[in-house]
Structure formats: C-alpha cells, structure tokens
Amino acid sequence: MGIQNIVIGSRGSQLALWQSNLIKSLLEKQYLQLEVTIKVIRTKGDAIQDVPLPKIGDKGLFTTELEDALTNGSIDLAVHSLKDLPTTLPTGLAYVGSPRRANPSDAFVSTKWNRLNELPTNAIIATGSVRRQALIRGLNPGIQFESLRGNIDTRLKKLEKLGWDGIIMATAALQRLGLDEYISEEMPMEEFVPSVGQGAIGIEIREDRDELITLLKPIIHSETIGCCNAERAFGRKLEAGCSIPLGAWARRVGDSLVITGFVSNFEGSETILESLTGSFDQPELLGNQLADQFIAKGARELLGT
C-alpha cells in the first residue's frame, strides 16, 4: 500500500465528527498500518446560524470550504452528510461513494403528540427544510412553521424550551447519536419522501487520486452508492438544491432498482409523487428517466427551475 497517511476533512458538529470517525475506523480496520487523522473545517453554513438555510442560498453551504481544502491538498478526503453535497460538483472533484446507508427516513419528534397526523390546525412545527414544510402542508395546510438550525442537541432543547408541537429531523442523525428514544414517528418514505442522499455518508475526493480511489473501495457499499446515484441523477436533472421542495428515495428490490420522487410547489398544494422501476445496473439512467417523467408533468414550473 503506497498511501501511509490520510487526512479527513470534517465539519465540527457532533454528528459530522461521528460520521468522520466512522470512516476513520473503517479505514483503520481495513489497513492496520494506515494513519488517519481528522481535520475540522468550519463552513459558511456553520458560521451563519441565525438565518434560515433557504435565505442564505444552498449551493455548497456546508461543503465549499471542505472542497477548497481538497483542491489545495490540505486534506485527502472530505466526509459529508450526502444530502448536503450538491449533485453537481466542482471540476476535478468526485463523489466516490458511501459505506452502508443508515435509515433514510424523516422522524417526527414531539413531546406532545405521537403521530404527525394528530396535530391540530395551527400547530407549530420547527424545520428549516422547504421539502419537509411542503410535505406537511400537503397533510395539514394549517400548520405553522418556525425555522430550525443548530446541532442535534440544540434542536431538541429548543423543542422543549419553546413549546413547539414538534420538529422534523433525519432519523439517521438521531440514531447515530443514540437518541432513538426521541423519535415519536418514523415517516413512511413512499409518501413522506426523503431528501436526496439522506441517511448516507458521502466521501468526496479529487478525481485524479487514483490510488486513493482504490484504497477506499473496500469500505464502499455498492448497493448504497447505486441508490444514491439514482437519487442524485434525479435531483441533478431537476437542478435541485435544499431550497426547493424535492425528494427522492431509491432502494433495491431483488435485481431491480425502485426510485420514488417528489416535487411540489412551496405551499404543498400541487404535488407530483411517482415511482419507477428499472435495472439496478443503470441507476443514473433510472434517475434521469424519472426526472424526465416529472418534467413532462410540469415539475420545472412547480419548482421554478
């Protein structure tokens, strides 16, 4: 093995460090002589905590500084929550895959209610995601929303302190930090479609690092990367970022790949929700085909892209 040392770039949150330490441990178990260190890098999204994400603009909000470090060689790989990684990457950089994906679903967290559909009109839900807001408005148009930023502990404390009826978070984030007991309801993914790549850890490197690509192969889960590539192709063709109401969820069923997509207007009153089945060997093709179906049904007009 030619590579002796690897530097992982990571955001500094508890969840980001958990994810980076997982990649570190997987590499160290695979290569006993490999020295792996984690370098914490502060991103624009971490620095600006008092503005809702859609108002900041989402292109590279949690990734640009990590990508700059990749480009200048101060880190070897960047570890992201894949849902934060734009579907179109800067020239010279590549998403090379993920370990096995965790639960992609969204979780409803509440100290007052057991299920989202129990909420009365004018209940208050905190979430910064326009996708989650649109999905909830489709279920209950009277729901009121508050913005939600900060790390996982901060969000849970705000829920209790401010008396909101609930918050929506990624199930995987809570499970990774051992906070399963806070989950009131896991939302059904066929209807409450997750964000592209949700639940997966994304590894990004410079695409000219052939030796590093080879070194990473044993920790990459082929089923996960196939599903995520289908979702990312769907989002890429519709020019999706985290500031528009779009979701996708792909899963392997036997030898086939099934992908469900969702787009809506911001009010959640006009929605496209469809699934498509195809070959697992061509995930990007399937994602693009589903996006074409959505475009034919007016998805670009709904999304304003």
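The values are calculated or read from the model by the stated rules, or taken from the named source; none is laboratory data. What you see is a predicted model, and the numbers here were worked out from it, not measured in a lab. Ideal geometry is used to build each Cβ from the backbone, glycine not excepted, and the neighbour counts take in all protein chains shown.
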Any chance the range 140-162 includes a residue that's within 19 Å of the chain's Cα centre (by Cα), of a type in the set (Gly, Ala, Ser) and surrounded by fewer than 18 Cβ atoms within 10 Å (Cβ to Cβ)? yes
Any residue at all in the range 141-148 that's touching a helix residue (DSSP H, G or I) at 6+ places or on another chain (Cβ under 7 Å) and under 24 Å from Arg42 (Cβ atoms)? yes
Mind counting the residues in the range 196-249 that are more than 23 Å from Arg131 (Cα to Cα), touching an Asp or Glu at 6+ places or on another chain (Cβ under 7 Å) and polar (S, T, N, Q)? 0
Please pick out the residue among Ile23, Ile75 that is part of a helix (DSSP H, G or I), in the same structural domain as Ile213 (by TED's automatic domain parsing) and modelled with pLDDT of 95 or more. Ile23
Which of (1) surrounded by fewer than 22 Cβ atoms within 10 Å (Cβ to Cβ); (2) over 20 Å from Leu135 (Cβ atoms); (3) touching an Asp or Glu at 6+ places or on another chain (Cβ under 7 Å) is the odd one out, the single condition Gln293 does not satisfy? (2)
Residues located in the range 69-115, provided they are among the aromatic types (Phe, Trp, Tyr) and either at positive phi or surrounded by fewer than 20 Cβ atoms within 10 Å (Cβ to Cβ) (or both): Trp113
Select the strands (runs of 3 or more DSSP E) contained entirely in the range 202-305, then report the ones holding at least 1 residues which are of a type outside the set (A, V, I, L, M, F, W, C) and under 16 Å from the mean Cα position of the chain (by Cα). 246-253, 256-264
Within the range 278-286, is there a residue that is surrounded by 13 or more Cβ atoms within 10 Å (Cβ to Cβ) and under 22 Å from Leu139 (Cβ atoms)? no
Of the residues Ser243, Ser256, Ser264, only one is surrounded by fewer than 16 Cβ atoms within 10 Å (Cβ to Cβ), touching a residue at least 24 places away in the same chain (Cβ under 8 Å) and not aliphatic (A, V, I, L, M); which? Ser256
